[in-house]
Amino acid sequence: MNTLALGPSWLDPDYLLNTFGLPGLLLIVFAESGLLIGFFLPGDSLLFTTGLLVTTGQLKYPLWLVCTLIAVAAIVGDQVGYLFGRKVGPALFKRPDSRLFKQENVEKAHEFFEKHGPKSLVLARFVPIVRTFTPIIAGVSRMNYRSFITYNVVGAILWGVGVTVLGALLGKIDFVHEHIEMILILIVLISVVPIVIEVLRARSQGKKAAALEDDGTGRPPAGGNGPSSGQRGRHAKR
């Protein structure tokens, strides 16, 4: 199966699986689930491609074993992220930007966690970048460990097993084989939709805040309830 590289060739799911096999897949899932350096890895398209390769026999492992190992790797990755967050704590928010670390990613994950609470551990699994930082933020916030374990396991199964099984099921359809490049691109586009929505929402809120500051009153304009400038001018002449 030849797939279209959606970035550097070494991030292409087909290349990664053919080169590193199942051990490489599990390492990537682990890293993307809780290590700071794992945010750029192609989790969604990689899992989908894994399921497809299992169905076609190119990845010679039973589907149940692959899904079980993926879930375990995702759970352990989140565990490491949580423990790292508890250890580092607030210092994470003061860490300077580097090539592999951006403060804005931490802030996005923090906002996501504050907005959705514990269930963010499940929702974040389906949002690239955010899924890497959310367990770390949960640790920083000292989320109840028992609750963390519960949501961690649920999220790992829904994402890791769910996306892989989806790839396996769709891999039996000829249309998917004939248009695999389009399918992978679609998966990537869908996975970044939540990020685009959040960016647009943040920009909209920023523009509203700037408008209030320009107004000088801290309140929206009166909206025409008072006299217009022209009317005020005529009254002044009288």
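The values are calculated or read from the model by the stated rules, or taken from the named source; none is laboratory data. The model shown is predicted, which means the values in this text are computed figures rather than measured ones. No Cβ is skipped: glycine too gets one built from the backbone with ideal geometry, and neighbour counts run over all protein chains shown. These accessible areas exclude ligands, DNA and RNA; they are computed on the full protein's heavy atoms, side chains included. Shrake-Rupley method; radii C 1.70, N 1.55, O 1.52, S 1.80 Å.
Can you flag which of LYS87/LYS119; LYS115/LYS208; LYS119/LYS208 are past 27 Å Cα-Cα?
Table pairs above 27 Å Cα-Cα are LYS119/LYS208.
With a point put 7 Å past each Cα toward its Cβ, work out how far GLN58 is from ARG203 in nm, to one decimal.
If labels sit at GLN58 and ARG203, their model points lie 3.7 nm apart.
I want to check the label-to-label distance for SER147 and GLU114. Put each point 7 Å from Cα in the C-beta direction and report it in nm to one decimal.
Once both label points are built, they end up 1.7 nm from each other.
Ranked from the most accessible area to the least, with a 1.4 Å probe and all protein chains present, what is the order of LEU169, LEU26, LEU46?
These residues rank, largest area first, as LEU169, LEU26, LEU46.
Using the basic label-point model (7 angstrom from Cα toward the beta carbon), what is the ILE173 to THR68 distance in nanometres?
Label at ILE173, label at THR68, 2.9 nm between them.
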